Amino acid sequence: DSVANITGAGASAGIAVALDAELGDLRWADADTDFVWITADNMSVEMDANTCFEFSQAAMAHKRSHIFAARALKDLDELPADWRADTHWPPVST
C-alpha cells in the first residue's frame, strides 16, 4: 500500500509543481488542510509539493535499485546460497 500511496501523492505533487505550486505552500493538495505524510513510526511530516515530489522520486529510485539487484541475481548461472545477505542488495537509506 505504501508504494501506491507514495506514487499517488507524488503524481499529484508533480502536477501541482507543474502548475507552479509555491515553495513552502503546505496546502497544495487541499486548500483547507496542510499536507502531511505519516511515517512508519506515526510521525507527521509536512511537505510542500516540491518536497513530496522529491520524496516520490526517491522512493521510485529505491524500488528500482532493488528490482535491478534482483535481476542481477536472477541472471547468475547459480543463485548464491547467501542471496538474502545485505551484500547482494542496495543499502537502506534513511
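Using each residue's phi in segment 67-80, evaluate 6.51 cos²θ - 1.76 cosθ + 1.60 at θ = phi - 60° and report the 3J(HN,Hα) Karplus result to the nearest Hz, with x for Gly and Pro.
For segment 67-80, the Karplus curve yields 4, 5, 5, 5, 4, 4, 5, 5, 7, 5, 4, 9, 5, x Hz.
Sum -39500 (n - 2.57) across every DSSP H segment of at least 4 residues in the chain, then divide by the residue count to get the 222 nm mean residue ellipticity, nearest 500. The partial results should precede the final answer.
Working: 2 runs with 44 residues, N = 94.
The per-residue figure over the chain is -16500 deg cm²/dmol.
Just to confirm the filter: which trypsin sites (Lys or Arg not before Pro) across segment 9-86 are DSSP coil and have at most 14 other Cβ within 10 angstrom of their Cβ?
Details: sites: ARG27, LYS63, ARG64, ARG71, LYS74, ARG84; in loops: ARG27, ARG84.
Passing both the DSSP loop test and the Cβ count: ARG27, ARG84.
Short version: what are the Cα gyration tensor semi-axes of the chain, square root of 5 times each eigenvalue, largest first, in whole Å? Walk me through the numbers on the way to the answer.
Values: eigenvalues 244, 38, 17 Å².
Those come to 35, 14, 9 Å.
Assuming a viscosity of 1.002 mPa s and a temperature of 20 °C, what translational diffusion coefficient in µm² per second does Stokes-Einstein assign to segment 24-73, Rh being the Kirkwood radius over Cα pairs? Numbers along the way, then the final one.
On the way: Rh = 12.5 Å.
D = 171 µm²/s.
Take the solvent-accessible surface of the protein heavy atoms, probe 1.4 Å, and return the percent of it on the chain that carbon and sulfur atoms account for. Numbers along the way, then the final one.
On the way: 3990 of 7080 Å².
That share works out to 56 percent.
Note the angle between two axes, namely the Cα long axis of helix 2-18 and the longest principal axis of the Cα atoms of the chain, as a number of degrees from 0 to 90, rounded to the nearest 10.
50
The values are calculated or read from the model by the stated rules, or taken from the named source; none is laboratory data. Note that this is a predicted model, so its numbers are computed, not measured. Neighbour counts run over all protein chains shown; Cβ positions are idealised from the backbone, glycine included. Note: areas computed on protein heavy atoms with side chains; ligands, DNA, RNA excluded. Shrake-Rupley method; radii C 1.70, N 1.55, O 1.52, S 1.80 Å.
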